[in-house]
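Take a look at the structure set out below.
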């Protein structure tokens with residue numbers, strides 16, 4: 001009898017997680033604080049480029065199921081949109097980098113300015129249109 | 001880079017295969033919950049272990065998928081890396097092993113809780129295509145480093 005209840009409970013938990021993820025996945029969250037992060041971890045800071053307004057830093061792990069798809073989406077976005085570049089950082093063996101950034105899941109994508117200000121953050125596979133819209137104020141030319 | 005101690009490296013797979021397997025795994029775990037059979041759970045634990053620590057090719061449901069299901073589906077060029085799948089099997093192994101020990105030693109509550117947790121993960125994979133262990137790798141790494149050591 002206990003088993004039957006546990007079975008029902010498990011199904012209910014799955015339904016709740018699925019709904020929460022559907023709502024959150026790929027959503028673009030605009031950073032609240034606009035000041036530069038003093039403590040941006042070194043491996044991330046090294047990836048920034050002075051000449052490009054926005055660097056999309058994709059944090060991946062070796063065991064990440066959606067990182068490949070995220071890479072395809074962001075590489076395509078970086079090709080189409082001027083002033084945006086995409087880099088990927090494998091944090092499998094850099095857990096302290098993920099912890100410093102408050103990143104708990106992979107893939108997570110951060111949009112950073114050359115000085116390391118975090119503009120937006122996306123967990124899961126980003127929706128390209130929403131991401132471009134959120135970055136538009138920080139980009140130079142019209143979207144090609 | 002993860003260390004190179006991994007026994008074999010599996011080639012990327014058709015992502016629908018693991019979804020199919022996850023449905024069967026979910027069914028097995030559901031039967032375990034309903035019957036409380038530690039033998040069935042032990043068999044599933046062994047299956048998890050073979051897939052996680054040796055090769056995904058040892059998964060019998062993968063072969064069923066290839067011979068009975070895949071020919072009936074439209075081909076896809078989409079491929080999924082094997083490393084996340086194997087990691088997920090490893091997470092399943094830990095829960096299934098805990099559950100087996102619980103049921104077999106009469107600590108039924110432990111068996112029920114661990115099996116339910118494994119069922120949640122399997123069902124999420126089957127129904128939503130979400131690999132919970134993979135998404136949560138960073139979380140595991142932070143709070144349970146022993147569990148998330150790269151294999």
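The values are calculated or read from the model by the stated rules, or taken from the named source; none is laboratory data. Being a predicted model, the structure only gives us computed values, none of them experimental. No Cβ is skipped: glycine too gets one built from the backbone with ideal geometry, and neighbour counts run over all protein chains shown.
Residue under question is residue B:34, and the condition is that it be in a helix (DSSP H, G or I), modelled with pLDDT of 95 or more and under 30 Å from residue A:8 (Cβ atoms); does it hold? Yes. In this structure, does residue A:22 turn out to be within 13 Å of chain B (Cβ to nearest Cβ) and surrounded by fewer than 16 Cβ atoms within 10 Å (Cβ to Cβ)? Yes; evaluated as a whole, the condition is true for this residue.
Just one of the listed residues (A:10, A:18, A:31, A:65) is modelled with pLDDT under 85 and touching a helix residue (DSSP H, G or I) at 6+ places or on another chain (Cβ under 6 Å), and it is A:65. Of the residues making up the stretch A:117-142, those that are in a loop (DSSP other than H, G, I, E, B) and without any contact (Cβ under 8 Å) to a residue 60 or more places away in the chain are A:141, A:142. Do we find that residue B:83 is surrounded by 15 or more Cβ atoms within 10 Å (Cβ to Cβ), within 14 Å of chain A (Cβ to nearest Cβ) and under 23 Å from residue B:30 (Cα atoms) in this structure? Spelling it out, it is not the case that residue B:83 is surrounded by 15 or more Cβ atoms within 10 Å (Cβ to Cβ), within 14 Å of chain A (Cβ to nearest Cβ) and under 23 Å from residue B:30 (Cα atoms). Going through (1) under 30 Å from residue A:2 (Cβ atoms); (2) in contact with a helix residue (DSSP H, G or I) (Cβ under 6 Å, 6 or more places away or on another chain) one by one, residue B:58 falls short only on (1).
Which of the residues spanning the stretch A:45-65 are within 14 Å of chain B (Cβ to nearest Cβ), in a loop (DSSP other than H, G, I, E, B) and surrounded by fewer than 23 Cβ atoms within 10 Å (Cβ to Cβ)? Listed by number, the list holds a single entry, A:62.
Filtering the stretch B:105-115 to residues that are at the interface with chain A (Cβ under 9 Å from one of its Cβ atoms) and surrounded by fewer than 21 Cβ atoms within 10 Å (Cβ to Cβ) leaves B:108, B:109, B:113. Considering only the stretch B:37-55, state which residues are over 10 Å from the mean Cα position of the chain (by Cα), part of a helix (DSSP H, G or I) and within 14 Å of chain A (Cβ to nearest Cβ). Listed by number, the residues that qualify are B:38, B:40, B:41. Against the list (1) assigned to a helix (DSSP H, G or I); (2) closer than 21 Å to residue B:84 by Cα; (3) out of contact with any strand residue (DSSP E or B) (no Cβ under 9 Å at 6 or more places or on another chain); (4) modelled with pLDDT under 90, the condition residue A:72 fails is (4).
Per-residue answers, yes or no, for (1) at pLDDT 90 or above; (2) away from chain B (no Cβ under 14 Å); (3) within 21 Å of residue B:128 (Cα to Cα):
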position: A:76; (1), (2), (3): yes, yes, no
position: A:79; (1), (2), (3): yes, yes, no
position: A:84; (1), (2), (3): yes, yes, no
position: A:88; (1), (2), (3): yes, no, no
position: A:91; (1), (2), (3): yes, no, no
position: A:95; (1), (2), (3): no, no, no
position: A:99; (1), (2), (3): no, no, no
position: A:104; (1), (2), (3): no, no, yes
position: A:107; (1), (2), (3): yes, no, yes
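Step by step: first the residues of the stretch B:58-75, then only those that are in contact (Cβ under 8 Å) with a residue 12 or more places away in the chain and over 13 Å from residue B:18 (Cβ atoms), then the one that is farthest from the chain's Cα centre (by Cα). Which residue is that? Only one residue tops the list, namely B:73.
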